[in-house]
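The values are calculated or read from the model by the stated rules, or taken from the named source; none is laboratory data. Since this is a predicted model, take the numbers as computed values, not measurements. Using ideal geometry, Cβ is built from the backbone for each residue, glycine included, and neighbour counts are taken over all protein chains shown. In case anyone asks, the SASA skips ligands and DNA or RNA and just uses the protein heavy atoms, side chains included. Shrake-Rupley method; radii C 1.70, N 1.55, O 1.52, S 1.80 Å.
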There are 4 protein chains.
Amino acid sequence: MKLNGIIGYPVTPFSDDNTINLPVLKQMLDLLIENGCDAIAPLGSTGESAYLEWDEWCLVAKTSIESINKRVPVIIGISELTTDQAIKKAQIAQSYGADALMVIPISYWKLTDQEIFEYYQAIAQAMTLPIMIYNNPATSGVDMSPELIVSMFNNIVNITMVKESSGDIQRMHKIQELSKGELPFYNGCNPLALEALCAGASGWCTAAPNLLGQQPQQLIEHVKNGELEQAQKSFYQQLPLLRFIVTGGLPKTIKAGLQLKGFAAGSPRKPLFKATDVELNQLKQLLSEIEN
Amino acid sequence: MKLNGIIGYPVTPFSDDNTINLPVLKQMLDLLIENGCDAIAPLGSTGESAYLEWDEWCLVAKTSIESINKRVPVIIGISELTTDQAIKKAQIAQSYGADALMVIPISYWKLTDQEIFEYYQAIAQAMTLPIMIYNNPATSGVDMSPELIVSMFNNIVNITMVKESSGDIQRMHKIQELSKGELPFYNGCNPLALEALCAGASGWCTAAPNLLGQQPQQLIEHVKNGELEQAQKSFYQQLPLLRFIVTGGLPKTIKAGLQLKGFAAGSPRKPLFKATDVELNQLKQLLSEIEN
Amino acid sequence: MKLNGIIGYPVTPFSDDNTINLPVLKQMLDLLIENGCDAIAPLGSTGESAYLEWDEWCLVAKTSIESINKRVPVIIGISELTTDQAIKKAQIAQSYGADALMVIPISYWKLTDQEIFEYYQAIAQAMTLPIMIYNNPATSGVDMSPELIVSMFNNIVNITMVKESSGDIQRMHKIQELSKGELPFYNGCNPLALEALCAGASGWCTAAPNLLGQQPQQLIEHVKNGELEQAQKSFYQQLPLLRFIVTGGLPKTIKAGLQLKGFAAGSPRKPLFKATDVELNQLKQLLSEIEN
Amino acid sequence: MKLNGIIGYPVTPFSDDNTINLPVLKQMLDLLIENGCDAIAPLGSTGESAYLEWDEWCLVAKTSIESINKRVPVIIGISELTTDQAIKKAQIAQSYGADALMVIPISYWKLTDQEIFEYYQAIAQAMTLPIMIYNNPATSGVDMSPELIVSMFNNIVNITMVKESSGDIQRMHKIQELSKGELPFYNGCNPLALEALCAGASGWCTAAPNLLGQQPQQLIEHVKNGELEQAQKSFYQQLPLLRFIVTGGLPKTIKAGLQLKGFAAGSPRKPLFKATDVELNQLKQLLSEIEN
C-alpha cells in the first residue's frame, strides 16, 4: 500500500443533542471524494477522535468505512492514552474493513522513546493493517524524533508511513535521509504544504478540501509538473485560509466553514467552542477572497 | 474549608492481571495518614487518574473515601478531556462523599481562556463541593495563567484553592498579588517545596510521603517556625529524591520505591514502564542516603 | 574574600552630549553606600557596560574605584566578546585597585562549555583578583549550567563566586549541591530575591537600592533572623517595582526613577530609549505605593 | 539595486599572530567569485564581524571592496550594539565604495520594535546605500518579526532587502504576503535553502560556496528551471554538509574546510575554538561523499 496525493480529513458532525449526525457524516465523506481526495482519514484531529466516547468512535469508524465503500482507501485515526485501548480500537477498525490506521500516542506522563516504541509494536502485533505514525506534539504532548520514527519503520513490520505535523521541515529532511528515501512522509502542517511537497513529501494530510474544494489537489499537480510559479501562486492564495483554520483549531474552523457552505456539521464538543460571529465573518471574507 | 500542610498523593496499585488492587490501595491510604498527611488526594497524576477506565476510576474513588473514613479530608482528582465527562465524575465523587475536587482540564486542541473558564464553571454549577484548580501544563497541555486562575476564583463560587505545578515561583507571587492573598495556593512541584512555602504557600501537594515518611511534614514545620537553617537542611536532604521522582515520572518512581519498602503496588499502566533495575538501584541509594 | 548581603549596581550617567557625567556618577556611588550596600558593582548590566567605548569603560572603572575609596569592596563588571579584550580589561581593573571582577561572556556564535571554560581560565591566569562568574543568558546569549559553573569553581583558582540571573531557583539548588555548599551564589534576578535568600544565597546583586533605599537590605535582615512573615511582607511590597524595573530594562527604568528622585542620570545610550511619560507615571505610582 | 542568486560569505583569515591575513583574504574573495557568487558579503557572521576591533573591521572592508573591484556587488556587514557605532561604520563602508550594507542589530538589553526601527532609520539617514535587514536571532539576540521588517521596508527609504536566518519558513511567507511580494527576501539558513527558493526567495546568502564550489549555484538553477527532482537531489546531497557547518559554527567549520582545501585561513578568534581532529575528519568525510 503506497498512498499519494491528498489525504482528506472529515469532521465528526454532531446533532443538537450532541449525538453523531450520521447523515451529515456521509455528506462529509462524499464531499471529500468529490473534491478529489486520494484517501480519507476519519477520526483524526479534525474528527475530534479524542473527544468521542468509545461507542461513538466505533459508530463513526463503521459508518465511514461502509459509506466510503472502497471508492478510496480509508485510514482510521486512533489517539489513545493506554496501549490496551489503542490495541482494541485497532482490532475493531480492522474488523470493520479499514485499509490502514493512523496512530498517535497521547501522553499524560511523558513517554520515553522505548515506551513509544513498545506502544506501536504492541498495536502492530495485534492486527495486520499498515500503520501511519502520526507525530503532532502540539496536540498530543508526544514528540517523536525522526530517529525514533525511522527506527520504528525499520523494526516494526506494519509501520509503513509517517504523517509529520510538527511544522518543522528539517524533520522531513531527516526522515528522508535516515530512511534513504524509503519511508514515505506526509505533511500534516497546512501552512507548510508547498515546501513539504517540494522537499519530497508523498502527500498532504489535510482538512482543507472541506472548504477549498480541489485547490489543494491542484497545488500538488503543479508541484508534480515542476510548475513552480503556478504552485507558488496557488499556495499563497490558499495560505491565509490554511493559517486561519490551523490557528483557530480545525474542528471549530472547518465546522464553521461547512456551516457557511450550508452543511449542518454542528459545533465541536465542549469544552471546545464553536466559532464566534467575528470568526465566521473573517472566514467568509477569506473564502470569498480565494474564490475570486 | 481551608486546607493546610501536606496533601498526600497515593498511587493506584494494579494486580498482575492489571485490575485495581484494593487491599494494597487501602494500605497506601493508611501509610499516608500514618505519615502525617493533612489531606489525601486519590486519583491525581500520581494515581494515574487519566489512565483508568471509567469503572476503575469510580472504584478507586469510592474505596478511597470509604477507607479514609473521615480521618482526613479527601480530595478527588478529575482529569477529563470533555466537559460532560468531567461533570459526571464530579457528581459521582460528591455522591461518594468526597470533601473536595481537584480538577485539571486535559487538552487535545488548545483551549482558550474562555473555554477553560466555562469548563470549570459548568463543573462547579453541577455540584456543591469546593474545587481546587490544578495547573500542570507539562502533563495536561493546558497552561492557566495566574490572571485566569484568580478570575475564576473571583467569579465561580466553589473555586476555593489552586495547586500550581508549573514550577514557576513567579506564578505564585502573581496569584498572591492578584487575589490580595485571598486565594490559597499549594505547591505541586516537589523541587520547589522550600521556596513555595517561604513565599506563602498554604501547603504542599506531594507523593513524597509515600517514600519519605514524615520528612515533608517536618520541612513545613521548620518553615512555619522560622527555623530557616533547619528548613534548608531538611530540604536539601530530600531534594535529590524529590528530583528523581519527578524526573522519572511519579507513578513509576513512587511504585518502585513502595516495592523497595515491601508494598505490592505493581507497575504503572502501559505504555508507561516500570522502573528498570538501574533505576531501582539509584532509588535505593537515594533512599539510604536520606535515612542516614 | 567572602561577600555577603547587598551588592549594589549603579547606572552610568550620561550628560546631554552623551559623555560620562562624572559628578553624577559619584553621587550614584554615594547613594548606594548610604543605602547600606555591602559592596558595589560598577559596569554591570545596569551600568550599560556593554554599550561603552573602551575609554569610557576605563574612565568609569577608575573614577568609581577612586570615589568609593575602600568604603566598601568594588566589583568591576566585564562583558566582552573576545578573550583578549576581556583579559585587557581585567588587567586594567586590577591596576586601578578593584577588589574583584564580575565576568560575563558575551556570545555571537554560541560557545561550547570548553570554550567558556578557557575564556574564564585565560582571564583568571592574567591577573590575581577574585572572579565572580555572571550567568545571565537573557542578556548575554550564553547560558552556563550549574555543572559548568561548579567545574570552573573547582578548577580555576581565582573563581570564587557566582551571580545567577537566569531566574531559575533550581540552578541555585544544583550549585549548592554540586559544590557541597562551598561556592557562594548570589541572586541576580530581582523578583526571585525572597526565595533565593531562603534557599541559601549569600547575597543579592541588585540595582533596587537606587530607588528603594534600605528596603532590600531589610529583606535580607528579616530572612537572616528567621522572620519569615516580615520577610514576605517586605518582599511582596517591593515586588511590583522589582518586576517593573526588570521588565522595562534596568538602565531605562533605574535612570527614570533616579530622575524622579532629582538626580541627573540622563538617558540610556541609543538604541535604548529613555522611559516614556506613561512609564514615568507608572513608576511614580509604584514608588509612592511602596513608601506608604 | 536588485540582487539575485548566491550571495557568498568569505571568512576573515587571521595569521598566527592574530592579525588579518590580507593575501589570504584576497584569495578567499577570488574563490567565491570563481565559484559563481552573484554578490559577496564580507564581514558577516561567517566573517567574524562582531569579533574584530575597529581598525580591523575597516581594513577588511576596504581591502575587500578594492580586491573585488566591481567584479560583483559588495555588501558590507555591520553588527554593532550602539546606534552611533553602526552609523560610523555605515559611513565608512560607503566612503570605501560598498554597494550595499547588511545590518544586524546586536542586543544586550532586549530592544523594542520602536527601538529597532529608530536604529535602522538613523543608519539609513546617515548615508545613501541600500540596506539589507539581517534577522538572525540565534546570534544577535534580536528577533525581528515579519511585521516589523515590512514596516521598516515601507517607511525607511534605503531599506530594500531582507536576509531571514531564523530558519522559519513561515516568516518568509509572511514577508511575501505583507509586502505583496515587493520586498525581496534572501534565505540565510543553509538547511532551508531548497524550500526558501521554492517559496520565492530572491537568493541564498551562504558561506557554502567556500567548500562546495558551484553546487549552491546549481541548486538555484534547478529550482529556476522547475527541475524539482534534480533540485531535490542536489539539495539532499549538500544537506549533511550544510547542517554540519551551521551546527559547528560557520567560522570554525568553514575555516576548517578551507584548511583541508589548502588555504591558510587560520583559526577563529578566541574564545571560539578551531575544529578538533575529530571534526576535521568528519568534515573530510562529508566533503568526499559530496564529490563522489
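Remarks
- Semi-axes of the equivalent ellipsoid for the protein assembly as shown, computed as √(5λ) from the eigenvalues of its C-alpha gyration tensor and ordered from largest down, come to 48, 44, 27 Å.
- Once the Kirkwood radius over Cα pairs is known for segment D:149-224, the Stokes-Einstein relation at 10 °C and 1.306 mPa s delivers a diffusion coefficient of 124 µm²/s.
- Between identical copies, the spacing of D:Glu66 label points, each set 7 Å from Cα toward the C-beta atom, reads 4.2, 8.6, 9.5 nm from nearest to farthest.
- With R₀ fixed at 41 Å, the C-beta to C-beta distance from A:Thr128 to A:Gln218 puts the FRET efficiency at about 0.70.
- Virtual spin-label span in nm between B:Asn154 and C:Asp55, 7 Å along Cα→Cβ: 5.6
- Rounded percent of accessible protein surface that carbon and sulfur make up, chain B, 1.4 Å probe: 48
- Per-residue ³J(HN,Hα) for segment C:212-225, Karplus 6.51 cos²θ - 1.76 cosθ + 1.60, θ = phi - 60°, Hz, x for Gly and Pro: 10, x, 8, 4, x, 4, 5, 4, 4, 4, 4, 5, 4, 8
- When you restrict to C-alpha pairs under 8 Å that are six or more residues apart and normalise by the size of segment A:18-152, the relative contact order lands at 21 percent.
- Around A:Ala122: net Lys/Arg minus Asp/Glu count, Cβ-Cβ under 12 Å: -2
- Spin-label model distance (nm) - B:Thr247 vs A:Asn69, 7 Å beyond Cα toward Cβ: 6.0
- Among the listed pairs A:Lys274/B:Lys89; B:Lys224/C:Lys163; A:Lys62/A:Lys88; B:Lys26/B:Lys163; A:Lys62/A:Lys110, those with a Cα-Cα distance over 20 Å are A:Lys274/B:Lys89; B:Lys224/C:Lys163; B:Lys26/B:Lys163; A:Lys62/A:Lys110.
- Computed over protein heavy atoms with a 1.4 angstrom probe, the accessible surface ordering of D:Arg71, C:Arg171, largest first, is D:Arg71, C:Arg171.
- Think of it as helices only: each DSSP H run of n ≥ 4 in chain C is worth -39500 (n - 2.57), and spread over all residues that comes to -15000 deg cm²/dmol at 222 nm.
- Taking Lys and Arg as +1 and Asp and Glu as -1, the other residues whose beta-carbon sits under 14 Å from that of A:Leu81 total -2.
- Orientation-averaged projected area, Cα convex hull of segment A:5-226 (nm²): 11.5
- Beta carbon of chain A nearest to the axis of the rotation taking A to B, residue and angstrom distance: A:Gly141, 3
- Cα shape, segment B:136-291, gyration tensor, a/c 1.5 rule: oblate
- Label-reachable residues, segment D:201-241, where backbone N falls under 18 Å from a point 7 Å from A:Glu229's Cα toward its Cβ: D:201-203, D:220-228
- For chain A, the relative contact order comes to 18 percent (Cα pairs under 8 Å, sequence separation of at least 6).
- Across segment C:1-63, C-alpha contacts under 8 Å between residues 6 or more apart give a mean separation that, scaled by the residue count, equals a relative contact order of 42 percent.
- Loop-located trypsin sites (Lys or Arg not before Pro) in segment D:1-64 whose Cβ has at most 11 other Cβ within 10 Å (DSSP): D:Lys2
- Distance between modelled label sites at B:Glu291 and A:Glu147, nm, 7 Å Cα→Cβ extension: 3.8
- Inter-copy separations for D:Leu287, label at 7 Å along Cα-Cβ, nm, ascending: 5.7, 5.8, 6.1
- Label spacing, shortest first and in nm, from A:Asp17 to its equivalents in the remaining copies (7 angstrom along Cα→Cβ): 3.8, 8.7, 9.3
- Accessible area expressed per residue, segment A:1-70, with surrounding protein chains retained (probe 1.4 Å, Å²): 37
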